Amino acid sequence: MKSPMKTAAALAAAAALLLTGCGGADTGEKATGGTGTGSQAKPGKALTIAKPDGAITTESHNPFLGDTSASMYGYRQVMFETMALVNTADNTVVTPRLASSVEWNADYTEVTVTAREGVTWHDGKPFTIDDIVGTFDMYLDGRLTDSAALNYLGADVDGSTATLKFKDSKFVKRGSVLHVPIVPKHIWDNIDDPSTTPLAGEGEAIGTGPYKLSSWTTQAVTLKANPDWWGGELAVPELHYVSYGDNAALTTALATGEADWAQAFLPQIQESFLKVDDANRQLITPTAGAATLFLNLTRKPFNNPALREALAWTIDRSAYVDIAREGASAVVDSVTGLGPSLQNDVIDEFAGQVYTVDVEKAKTILTDAGYTGVGTALVDPDGEKVTFSVSVPAGWSDWNTEQALLAEELKQLGIEVTIDQPDWGGWDEARQTATFDAIIHWLDGEGAWGVYDSIMGTRWIDKDKNTAQFNFGRYDNPAVDEALAAYATADSDEARLAAMTTIQKAFVKDIPAIPLGAHPLIGLFNERSYTGWPTEDNMYASADPTQAEITMVLQNLKPVS
């Protein structure tokens with residue numbers, strides 16, 4: 001491993017909403033004039049930020065809850081700020097926000113932060129270090145649910161500086177700490193249950209961010225630029241957040257200029273969006289996570305590691321990227337399961353070792369393991385036909401395409417693959433209870449540790465309830481669990497390397513799952529009215545408007561002259 005594991009910071013659909021005149025402007029690094037059929041926006045107009053999540057009927061602005069309107073629409077990111085922002089594309093880059101400085105101790109059990117001067121809350125009250133400490137103290141007294149398992153112990157305050165202390169090393173959760181939304185102590189001290197409050201009362205939805213809540217309806221949420229924001233004057237005067245019923249409706253809105261900015265995977269994006277107007281853009285930002293084929297290791301046929309290895313040498317990851325994802329991804333072919341952004345975390349033993357499509361090698365592996373009918377109708381060593389289903393919810397077009405690709409590819413081994421496309425509820429139950437053969441799913445967590453923890457960590461499995469929140473294949477290796485825990489709490493690079501070596505050797509040997517391609521952040525926007533958008537050459541932030549980095553993008557936008 002060439003360097004310590006990096007931290008990554010890395011957030012879904014029913015009836016369409018009727019839009020009431022919320023179309024706005026969007027732009028980018030180069031103003032190209034918009035010569036296609038999209039509407040011609042002008043500088044200084046609002047941006048309409050859209051999602052395909054269906055109607056959101058309940059007003060709730062709590063930034064700590066994932067199912068609130070603030071989280072579902074995404075507008076919490078521009079209202080509530082964090083101590084710092086970790087760059088999605090390069091997680092070694094940390095940009096201070098409400099903390100003007102951030103410094104970790106050697107074992108990452110303490111972080112010392114200094115409150116930025118000259119910051120005020122939306123209600124005009126001054127922001128101080130007490131607001132940072134007060135936010136974290138809600139975890140300490142149990143008023144706020146510690147869903148990220150930060151294990152905060154308290155803080156030492158010295159003037160405008162505080163040292164936040166944690167029970168264990170936060171090396172693998174630095175982003176989780178720095179991205180905690182900071183809320184005003186003078187308001188939240190009077191809230192009985194911060195873990196459930198909708199924060200919809202008069203004067204409660206108060207942050208320090210670049211935009212203030214102006215109006216809320218089930219059709220759109222409007223925020224206006226904060227004239228007192230510490231980051232300076234903002235070019236975009238208003239943001240309108242809307243939600244459509246599905247990707248098809250969102251695609252139409254983006255193509256016609258009714259919506260300006262979105263995070264979504266659009267099938268046939270060249271024809272449906274990019275070619276419609278020469279000002280339209282897509283920016284793909286890599287992350288540590290990957291679209292992964294989870295295999296149910298608790299039952300046939302995947303309880304035999306030889307079959308898993310044969311699949312790893314047969315599945316065409318380039319086809320996943322080029323066909324299923326239409327280029328909006330990157331191949332994950334390292335035998336370690338780590339994607340392009342995590343190659344510095346690959347131990348030296350496996351550096352440069354990748355899977356290719358080698359069907360003959362896969363057939364040899366199966367034959368040597370006692371399989372018969374290789375290439376025609378595969379039969380396992382017990383004399384049973386090898387067949388299985390791959391399950392993905394109906395309507396997830398990219399992964400539905402990958403299901404078809406897998407079925408064709410694995411015919412070469414003599415395997416019959418059934419395509420299963422249930423509704424979300426049925427799929428969700430099956431993935432949690434391990435009543436599936438194989439599913440395609442994303443990964444959770446930060447950096448290389450997060451990849452392996454999602455695939456191999458048994459902490460995700462509730463044996464009493466027989467459910468799993470990750471590690472859906474039910475991989476169970478006490479040595480790996482011990483190494484995952486050791487890595488997370490290590491106080492030196494040497495200790496982390498030793499733990500990572502154990503984890504990677506087990507992954508390469510056991511092949512508990514098969515990552516296919518990077519699961520990136522996607523930003524869709526146009527360049528008609530504003531310059532300064534992130535680009536492939538200057539990815540200072542992702543262009544995904546649901547991420548906290550949206551504040552950096554909005555701070556960088558300038559009107560087209």
SER341, sole failed condition from (1) within 22 Å of ASP444 (Cβ to Cβ); (2) in a loop (DSSP other than H, G, I, E, B): (2)
Test: residue in region 415-431 that is polar (S, T, N, Q) and open to solvent by less than 30 Å² (accessible area, probe 1.4 Å): no
Matching residues in region 322-339 - criterion: being in contact with a helix residue (DSSP H, G or I) (Cβ under 9 Å, 6 or more places away or on another chain), open to solvent by 60 Å² or more (accessible area, probe 1.4 Å) and modelled with pLDDT of 95 or more: ILE323
Which numbered condition ALA351 misses (of (1) within 30 Å of GLU494 (Cα to Cα); (2) buried (at least 16 other Cβ atoms within 10 Å of the Cβ)): (2)
Tally of residues being over 17 Å from LEU342 (Cα atoms), assigned to a helix (DSSP H, G or I) and either among the small types (Gly, Ala, Ser) or open to solvent by 10 Å² or more (accessible area, probe 1.4 Å) (or both) across region 447-479: 5
Single condition LEU342 does not satisfy, out of (1) open to solvent by less than 10 Å² (accessible area, probe 1.4 Å); (2) touching an Asp or Glu at 6+ places or on another chain (Cβ under 9 Å); (3) modelled with pLDDT under 95: (2)
Answer from THR298, THR251 - the residue that is open to solvent by 10 Å² or more (accessible area, probe 1.4 Å), of a type outside the set (Gly, Ala, Ser) and under 30 Å from LEU223 (Cβ atoms): THR251
Residue that is open to solvent by less than 10 Å² (accessible area, probe 1.4 Å), modelled with pLDDT of 95 or more and assigned to a helix (DSSP H, G or I), where the choices are MET552, MET500: MET500
Condition broken by VAL374, with the remaining ones in (1) in a loop (DSSP other than H, G, I, E, B); (2) surrounded by fewer than 18 Cβ atoms within 10 Å (Cβ to Cβ); (3) among the aliphatic types (A, V, I, L, M) satisfied: (2)
Of all residues in region 173-194 being in a loop (DSSP other than H, G, I, E, B) and within 16 Å of ALA115 (Cβ to Cβ), the one that is farthest from the chain's Cα centre (by Cα): PRO184
Those residues of region 80-105 which are polar (S, T, N, Q) and part of a loop (DSSP other than H, G, I, E, B), in sequence order: THR82, ASN87, THR88, ASN91, THR92, ASN105
Residues that are of a type in the set (S, T, N, Q) and not in a loop (DSSP other than H, G, I, E, B), drawn from region 311-338: SER318, SER334
Filtered residues of region 491-509 (kept if under 25 Å from the mean Cα position of the chain (by Cα) and within 13 Å of ALA106 (Cβ to Cβ)): ARG496
Region 167-179: number of residues that are at pLDDT 95 or above and open to solvent by less than 10 Å² (accessible area, probe 1.4 Å): 2
Odd one out for LEU164 among (1) surrounded by 18 or more Cβ atoms within 10 Å (Cβ to Cβ); (2) of a type in the set (A, V, I, L, M); (3) under 27 Å from PRO545 (Cα atoms): (3)
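Take LEU293 and tell me if it is part of a strand (DSSP E or B), in contact with a Lys or Arg (Cβ under 9 Å, 6 or more places away or on another chain), among the hydrophobic types (A, V, I, L, M, F, W, C) and at pLDDT 95 or above.
Working: part of a strand (DSSP E or B): yes; in contact with a Lys or Arg (Cβ under 9 Å, 6 or more places away or on another chain): no; among the hydrophobic types (A, V, I, L, M, F, W, C): yes; at pLDDT 95 or above: yes.
Considered against the rule, which asks whether it is part of a strand (DSSP E or B), in contact with a Lys or Arg (Cβ under 9 Å, 6 or more places away or on another chain), among the hydrophobic types (A, V, I, L, M, F, W, C) and at pLDDT 95 or above, LEU293 comes out as no.
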Pair list, Cβ under 7 Å, 6 or more apart: region 324-348 residue under 17 Å from ILE455 (Cβ atoms) and of a type in the set (D, E, K, R), other residue open to solvent by 10 Å² or more (accessible area, probe 1.4 Å) and assigned to a loop (DSSP other than H, G, I, E, B): ASP333/TYR355; ASP345/MET1
Members of region 213-248 found to be of a type in the set (Gly, Ala, Ser), in contact with a Phe, Trp or Tyr (Cβ under 9 Å, 6 or more places away or on another chain), open to solvent by 10 Å² or more (accessible area, probe 1.4 Å) and not in a loop (DSSP other than H, G, I, E, B), listed by number: ALA225
Checking LEU366 against (1) open to solvent by 40 Å² or more (accessible area, probe 1.4 Å); (2) more than 27 Å from the chain's Cα centre (by Cα); (3) farther than 25 Å from ASP444 by Cβ; (4) not hydroxyl-bearing (Ser, Thr, Tyr), the condition it does not meet: (1)
Every residue from region 106-144 that is assigned to a loop (DSSP other than H, G, I, E, B), under 30 Å from GLU494 (Cα atoms) and touching a strand residue (DSSP E or B) at 6+ places or on another chain (Cβ under 6 Å): THR109
Pairs with Cβ under 6 Å, 6+ apart, first in region 380-405 and over 17 Å from LEU266 (Cα atoms), second among the hydroxyl-bearing types (Ser, Thr, Tyr) and open to solvent by 50 Å² or more (accessible area, probe 1.4 Å): SER389/THR418
Restricting region 237-254 to residues that are among the hydrophobic types (A, V, I, L, M, F, W, C) and out of contact with any helix residue (DSSP H, G or I) (no Cβ under 6 Å at 6 or more places or on another chain), the residue that is nearest to ASP322 (Cα to Cα): ALA248
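Yes or no, residue by residue, for (1) of a type in the set (Val, Ile, Thr); (2) open to solvent by 10 Å² or more (accessible area, probe 1.4 Å):
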site	(1), (2)
VAL78	yes, no
THR120	yes, yes
PHE136	no, no
GLY142	no, yes
THR145	yes, yes
PRO181	no, yes
ASN190	no, yes
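The values are calculated or read from the model by the stated rules, or taken from the named source; none is laboratory data. Keep in mind that what you see is a predicted model, and the values were worked out from it rather than measured. Positions of Cβ are generated from backbone atoms using ideal geometry, with glycine treated the same way; all protein chains shown enter the neighbour counts. Note: areas computed on protein heavy atoms with side chains; ligands, DNA, RNA excluded. Shrake-Rupley method; radii C 1.70, N 1.55, O 1.52, S 1.80 Å.
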